[in-house]
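We did not get these values from a lab; they are worked out from the coordinates using the rules stated. Just so you know, these numbers come straight off a predicted model, no measurement behind them. Please note: Cβ atoms are built from the backbone with ideal geometry, for glycine as well, and neighbour counts cover all protein chains shown.
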Amino acid sequence: MEQPVFKRIVLKVSGESLAGQNGYGIDAETISSIAQQVKEVVELGVQVAIVCGGGNIWRGIAGSAKGIDRATADYMGMLATVMNSLALQDALEQIDVPTRVQTSIAMQQIAEPYIRRRAIRHLEKGRVVIFAAGTGNPFFSTDTTAALRAAEIEAEVILMAKNKVDGVYSADPFVDPTAEKYEILTYMEVLSKNLGVMDSTASSLCMDNDIPLIVFAITEQGNIKRVVLGEKIGTTVRGSVD
């Protein structure tokens, strides 16, 4: 049997990746593909927690730029992540992967409240846990949610799944053909070069808690499994390169 190099991971799935080629909303085929990739990893015995973004439905910063109160816009974004999380839960359970959604904002009719010990127990029992509604606070991104939850549940790594790029580049590869892809970076380099891998709060939290980050493309089927098995794809970000 193939041996994974990680026992417990946090998978950060951007909202845009759930939209597929549509650019908006939830694409059934895409979300089914992601669910199948997650199942492959669960079958290896890896404990999987997931954080979904909400940008395919609503982005708080964009709403704020249009005149909506920033806190209100962010709460709307949190609700978007719940919709994505429920859709992913449904896709996983349709292929017999037991899944729990835990929200940072109480929604007892549709999901469990986030309770750290309960989340860890679910993971130990082989259930996928999806953390929804961000941190429950405005002004914090879902990248920060992934960093925070990874620290809380003692995950070994954050896997950041992208739908447009296959790693971290020195510039936007779709705009600048000379953009260089990095194989490995430190969090200090990410911050000093303003590479936009994740926001500064999330980067600092990962750096302070020594949580490595692997950025890769989710569009290629099987990539999550490849990362978990230790294949060198995408870009790895660590506290140091030693």
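Quick rundown of the values:
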quantity: Separation between Cα centres of segment 92-169 and segment 197-214, rounded to whole Å; calculated: 16 Å
quantity: Dipole axis of segment 27-69 (+1 Lys, Arg; -1 Asp, Glu on Cβ), positive-most option in Cys52, Ala62, Gln37; calculated: Ala62
quantity: Cleavage-rule hits (trypsin sites (Lys or Arg not before Pro)) in segment 35-144: DSSP loop, at most 14 neighbouring Cβ within 10 angstrom; calculated: Lys66, Lys125
quantity: Positive minus negative residues near Leu44 (Lys, Arg vs Asp, Glu; Cβ under 9 Å); calculated: -2
quantity: Cβ-derived FRET efficiency at R0 45 Å, Lys66 paired with Glu124, nearest 0.05; calculated: 0.55
quantity: Loop sites in segment 169-200: chymotrypsin sites (Phe, Trp or Tyr not before Pro), DSSP, at most 16 other Cβ within 10 Å; calculated: Phe174
quantity: Amide hydrogen neighbours beyond the local backbone of Gln47, cut-off 5 Å, H modeled; calculated: Arg8, Ile9
quantity: Residue among Met160, Leu86, Gly23 farthest towards the positive dipole end of the chain, charges placed on Cβ; calculated: Leu86
quantity: Cα Rg, Dmax (largest Cα-Cα span) when computed across segment 7-162, Å; calculated: 14.5, 47
quantity: Relative contact order, percent, segment 8-238 [alpha-carbon distance under 8 Å, six or more residues apart]; calculated: 22 percent
